[in-house]
Structures are given as C-alpha cells and as structure tokens.
C-alpha cells in the first residue's frame with residue numbers, strides 16, 4: 001500500500017501506531033495520520049462502518065441448535081500451510097493427531113444424535129411455523145435430555161418430537177400432539193408415551209392449552225362467519241367459569257364450541273368438516289356438544 005504522511009516540518013521520527021478500531025495509521029511523534037486506512041490487518045478484517053461491525057456481531061450469535069456450538073473445525077487433508085508451503089515433519093505429526101481427534105469427535109454417538117435431531121428440528125419448525133424461541137427451547141431441552149443419558153436405546157426422532165411438544169406447552173404455543181406427530185412422521189401413541197416419560201424425567205408439568213386458542217384455527221378451516229366465531233368464544237368462556245373444560249381435551253372443547261355456535265346461528269357446517277379441521281372424532285364432538293348444551297345452553301341462547 002503506497003501512502004504518504006503529512007508530517008510536521010520539524011518531525012523526523014516515523015513511529016507508526018495502528019488504531020485497531022478505526023483502521024488508521026498515525027505517527028506517534030507528531031500525530032499525523034495516513035491519508036488512507038488499512039483494509040486488512042492480517043488474521044482479521046477491520047470493519048470501517050458501524051453497520052458492518054454490528055452485522056458481524058449479529059453473526060457471532062451462538063444458537064443452541066448448533067451442533068458444535070460455533071466451534072467448528074476444518075482441517076484440510078493436504079500437509080500445507082495457508083501460503084502453500086509444505087509443513088515440517090514436526091507440524092505434520094501435530095496435525096495428524098489433530099485430524100485424528102477431530103475425526104473421532106465427529107464419529108461420537110452423541111454428536112450424530114445432535115446432527116440428526118437438529119436437522120429434524122429444522123423440518124418440524126418449518127411445518128409447524130414455530131417461532132425461534134420455541135426452537136431454542138426445544139434444543140435446550142434436547143441437550144438436557146442427552147446430558148442425562150436418556151437418549152441411549154431410544155428413537156432420536158421420537159425424543160426430539162416430545163421435547164418440541166413440551167417446548168410448545170411451556171411457551172403456550174398452541175400445537176397439538178397430532179400436529180407434532182404428523183410433522184415428525186411418528187405415531188401419536190408413541191409421542192404420547194415419550195412425552196409422559198420425558199415430563200416425568202425432566203420434572204415439568206406444563207399447563208394445558210386454553211381451548212379458545214384453537215377456535216380461530218377451526219373457524220378458518222370450516223369457513224364460518226365472524227359472528228359464529230365470537231359466539232364460540234362466549235361459549236368457552238362460560239364453560240370455563242363452570243369448570244366444564246377441566247381435564248378435557250382443549251381441541252375437543254374448541255370443536256364442540258364451534259359446532260354448537262354454528263347450530264345456534266343456523267350455519268350449514270357439518271360435524272365431519274369440524275372433525276377433519278380439529279382432528280377430533282365426530283363422536284367426541286357430539287358428546288362435548290351435548291355436555292355443554294345441557295349445562296350452559298340456556299345462558300348461551302338467552
């Protein structure tokens with residue numbers, strides 16, 4: 001880099017000082033600054049703008065979903081340094097040991113489990129449209145499970161789906177067992193069994209979902225009016241005051257409320273459509289509807 005210094009007339013010393021923050025080179029005697037800034041400081045690049053510096057800091061964020069926690073290593077098979085020179089015999093022996101340790105660490109069963117699990121987590125989060133907070137919570141719970149040695153002899157996909165469902169329950173993100181099972185391509189019964197096992201091992205007891213959270217989802221699927229949707233909300237609020245929804249499937253209660261609201265408002269919506277939208281059988285919908293109508297029917301109609 002060809003640059004010129006504009007020194008004071010009486011300054012004859014060239015004591016150069018580099019400012020790592022701004023990238024400027026100044027004279028240590030008179031304080032004069034180079035007319036150009038350095039663009040490369042060897043091993044690392046100096047960012048000239050605060051925006052680029054901010055972006056570089058954002059890129060340094062470590063996610064729990066990262067397999068190596070941001071400490072990945074790439075060791076080439078060639079015994080040459082960055083300049084292309086052949087390594088000395090001592091350095092070749094050292095890098096041979098490093099390559100062997102790196103290869104052994106990548107073949108570890110826990111690392112393979114993390115790789116499979118977090119690839120599956122990407123697919124599940126895309127299918128279920130999970131927010132980043134839920135994804136991070138799932139990764140945290142899965143690492144916690146792996147640290148306790150619970151993964152040994154068990155399906156990685158089943159354990160990952162169970163931790164994802166627990167994370168949804170903890171963060172109050174309305175996703176049903178059926179939703180997670182379909183996204184993870186596993187059976188619902190297996191997911192239920194694994195969920196109960198993990199909830200006991202991790203000593204977590206998340207609260208059940210509020211049925212109101214599923215009303216809009218069912219209403220949009222069966223295409224009912226906003227008036228009927230508001231009536232379904234009213235039905236569930238009244239049922240909650242009477243403790244009717246206690247220990248009931250929240251999705252079943254939401255489906256029954258939508259069915260009852262559509263019946264009261266004389267909207268042509270079949271129970272089969274509501275069953276398909278909610279994943280609840282028509283028999284269960286009729287039973288929950290009958291129970292709600294018997295206990296609070298007069299209040300709703302009035």
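Please treat every number below as a calculation from the coordinates, not as lab data. Only a predicted model underlies this, so the values are computations on that prediction, with no experimental measurement involved. Counting neighbours? That spans all protein chains shown, and the Cβs are built from the backbone with ideal geometry, glycine included.
Seen through its C-alpha gyration tensor, with square-root eigenvalues sorted a ≥ b ≥ c, the range 211-301 comes out rounded because a/c lies under 1.5. Counting 0.36 nm for each residue step from residue 178 to residue 221 and taking away their Cα separation leaves a gain of 13.8 nm.
At full extension, residue 91 and residue 241 could sit 46.5 nm farther apart than now, given 0.36 nm per residue minus the alpha carbon distance. Pairwise inverse Cα distances across the range 110-201, averaged and inverted, put the Kirkwood hydrodynamic radius at 12.7 Å.
Between the C-alpha center of the range 258-295 and that of the range 160-227 there is a gap of 21 Å.
Estimated from the Cβ-Cβ distance and a Förster radius of 45 angstrom, the FRET efficiency linking residue 154 and residue 266 is about 0.30.
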